[in-house]
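The values are calculated or read from the model by the stated rules, or taken from the named source; none is laboratory data. Source: prediction; values computed, not measured. Every residue, glycine as well, gets a Cβ built from its backbone with ideal geometry; the counts of neighbours run over all protein chains shown. Just the protein is used for accessible areas: all its heavy atoms, side chains included, with ligands, DNA and RNA removed. Shrake-Rupley method; radii C 1.70, N 1.55, O 1.52, S 1.80 Å.
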Amino acid sequence: MIVRKVQKSLHGVPTTEGAGVHLKRAFGYAEAPQFDPFLMLDDFHSSNPDEYLAGFPWHPHRGIETITYLLEGVVEHGDSMGNSGVIAAGDVQWMTAGSGIIHQEMPRESPTGTIWGFQFWANLPAAQKMIPPRYQEVKAATIPELLLAGGVTVKIIAGTLGGVRGPVTDLAIEPEMLDISLPPDTVYEHPLPRGRTAFAYLLSGEAGFDDTGEISRRETVLLFDHGGDLVRVRTKGVPVRFLFVAGDPLGEPVAWGGPIVMNTREELRVAFDEYEKGTFIKS
Ligand code: FE
């Protein structure tokens, strides 16, 4: 078994998105080619309503999946098809935009005073960019939590571990999305088939994410190389909690225009033209 090496380690960069939501972008446009099939990861974490209440008013998506995982607070969403709902603490919304959706995502004043969540984007293969939109809404209580030897806990949102399958399924990139907590002084090994892209994002604590002895801390994203079949995480004096996300790379051309990601400039032009003309929504 060969241990994956950390190929890239990046700290979130403060930025504002939507109508003025303060967030940290762990990776995005410039780094996306290395993260294929993943495009972007944002961490929004604030106890100041002025930094998040403006939200993400009506905007389109096509050609991608947007995945929202909320740890604290409440986000209301609504879309062009008349769907609406609330994402609460611990919930996941896996939205496959496919041919197109126009939606808004609006954080509400948090009951705890703090909002903390993540959104990452996964690219769709060319053959599926124009499929009908689909939601997989996952409530916190339905996410299986696996307790492993040594006090390791793993929430399985997508993928299969220890014979337990996460609720998010039937996606081309075969995603794995786990929320993993390790106690201090632990070595955790996670199988990862060769060739799959995987990253970890630290929510709290610190740990080593390969065998180099390098220690990473919160708000860092770690991209693993493609050459091994195992990820090894080592904690010392403090516990660590991290998101672990993996998927099959697409290896296709990317034409990215804001919230729309296609394969060619022409497809992008058509998408924005249709949005302008009001013919963007296909189903
Ligand atoms: Fe959106």
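Of the residues making up region 24-51, those that are small (Gly, Ala, Ser) and under 18 Å from Val254 (Cβ atoms) are Gly28, Ala30, Ala32.
The residues of region 14-37 that are within 16 Å of the ligand (Cβ to nearest atom) and of a type in the set (A, V, I, L, M, F, W, C), listed by number, are Ala19, Val21, Leu23. Any chance region 182-197 includes a residue that's closer than 17 Å to Trp94 by Cβ, among the β-branched types (Val, Ile, Thr) and outside any strand (DSSP E or B)? No: region 182-197 contains no residue that is closer than 17 Å to Trp94 by Cβ, among the β-branched types (Val, Ile, Thr) and outside any strand (DSSP E or B). When you scan region 72-86, how many residues do you find that are in contact with a Gly (Cβ under 7 Å, 6 or more places away or on another chain) and open to solvent by 30 Å² or more (accessible area, probe 1.4 Å)? Count: 1. Is it the case that region 250-266 has a residue that's open to solvent by 40 Å² or more (accessible area, probe 1.4 Å), within 16 Å of the ligand (Cβ to nearest atom) and closer than 23 Å to Ala30 by Cα? Checked region 250-266: at least one residue is open to solvent by 40 Å² or more (accessible area, probe 1.4 Å), within 16 Å of the ligand (Cβ to nearest atom) and closer than 23 Å to Ala30 by Cα. Against the list (1) within 16 Å of the ligand (Cβ to nearest atom); (2) open to solvent by 20 Å² or more (accessible area, probe 1.4 Å); (3) touching a residue at least 40 places away in the same chain (Cβ under 8 Å), the condition Arg134 fails is (3). Consider region 39-71 and keep the residues that are assigned to a strand (DSSP E or B) and away from the ligand (no atom under 16 Å from the Cβ). The one that is nearest to the chain's Cα centre (by Cα) is Leu71. Scanning region 88-102 for residues that are touching a residue at least 40 places away in the same chain (Cβ under 8 Å) and among the aliphatic types (A, V, I, L, M) yields Ala88, Ala89, Val92, Met95, Ile101, Ile102.
Considering region 88-131, the qualifying strands (runs of 3 or more DSSP E), each wholly inside and each with 2 or more residues that are within 15 Å of the ligand (Cβ to nearest atom) and either more than 20 Å from Glu65 (Cβ to Cβ) or open to solvent by 10 Å² or more (accessible area, probe 1.4 Å) (or both), run over 101-108, 115-123.
Residues in region 13-27 that are outside any strand (DSSP E or B) and at negative phi: Ala19 alone.
For region 257-283, a residue qualifies if it is out of contact with any strand residue (DSSP E or B) (no Cβ under 7 Å at 6 or more places or on another chain) and at pLDDT 95 or above, and the qualifying residues are Gly257, Gly258, Glu266, Arg269, Val270, Asp273, Glu274, Glu276, Lys277, Gly278, Thr279. Within region 1-16, residues that are in contact (Cβ under 8 Å) with a residue 60 or more places away in the chain and more than 15 Å from Val221 (Cβ to Cβ) have Cβ atoms under 7 Å from residues that are open to solvent by 40 Å² or more (accessible area, probe 1.4 Å) and assigned to a strand (DSSP E or B) in these pairs: Val3/Arg232, counting only partners at least 6 apart in sequence or on another chain.
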